C-alpha cells in the first residue's frame, strides 16, 4: 500500500519541477559527484509515464535492474501471502552474483563521474 502511494505521488509530481518534496542527494551536495542512485527519482518518474528512453538517460542502471527487483518482490509477496500452499519459484541469488552486483554498482558509480565520452553518457542528463 505504501509503495502504491509512493508511486502515485511520484507519478503526479515531476522531480525536475521542484514544486514537490523529494530529498536531494547528500553525496552530490557534499562532493559535487554523482552517486550510483543520482537520477533515480527522475528515472522512476519517467517510468511512471512509460518513457523508458528518458528514464535510461537519467539512471540506466536503475532501468536495467528494476525488472529483476519487481519480479523478485512479486515472487516473495506471493510466497508470503500463500505460505505453505505456494509452490512457485522463490528468489535465490546465486553465490557469485552476491559479489558481482556490488562491483557493478560501484563501477557504475565511478564510471559515471569520469568526464568525457562515453562515460558522461552514464551521468544523469
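The values are calculated or read from the model by the stated rules, or taken from the named source; none is laboratory data. These numbers come from a predicted model, not from an experiment. A quick note on method: Cβ atoms are made from the backbone with ideal geometry, for glycine too, and the neighbour counts reach across all protein chains shown.
State whether the residues of the range 59-69 include one that is over 22 Å from residue 108 (Cβ atoms) and either at pLDDT below 90 or assigned to a helix (DSSP H, G or I) (or both). Full working, then the answer.
Here is the first cut: in the range 59-69, the ones over 22 Å from residue 108 (Cβ atoms) are none.
The answer is no; no qualifying residue exists.
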When residues of the range 97-112 are limited to those that are in a helix (DSSP H, G or I) and in contact (Cβ under 8 Å) with a residue 12 or more places away in the chain, the one nearest to residue 31 (Cα to Cα): 109
Residues (within 15 Å of the chain's Cα centre (by Cα) and touching a residue at least 40 places away in the same chain (Cβ under 8 Å)) located in the range 16-37: 34, 35, 36
Matching residues, the range 1-15, being under 17 Å from the mean Cα position of the chain (by Cα) and either assigned to a loop (DSSP other than H, G, I, E, B) or surrounded by 11 or more Cβ atoms within 10 Å (Cβ to Cβ) (or both): 6, 7, 8, 9, 10, 11, 14, 15
Selection count where residues are modelled with pLDDT under 90 and either under 14 Å from residue 112 (Cα atoms) or out of contact with any helix residue (DSSP H, G or I) (no Cβ under 6 Å at 6 or more places or on another chain) (or both), scope the range 17-31: 8
Pick from the range 38-58, criterion in contact (Cβ under 8 Å) with a residue 40 or more places away in the chain and in a loop (DSSP other than H, G, I, E, B), ranking: nearest to residue 28 (Cα to Cα): 38
Some residue of the range 59-74 being over 22 Å from residue 4 (Cα atoms) and without any contact (Cβ under 8 Å) to a residue 40 or more places away in the chain: no
Scope the range 78-92; condition under 28 Å from residue 56 (Cα atoms) and loosely packed, with under 11 Cβ neighbours inside 10 Å; matching residues: 92
Search result, residues across the range 77-96 that are within 19 Å of the chain's Cα centre (by Cα) and touching a residue at least 12 places away in the same chain (Cβ under 8 Å): 91
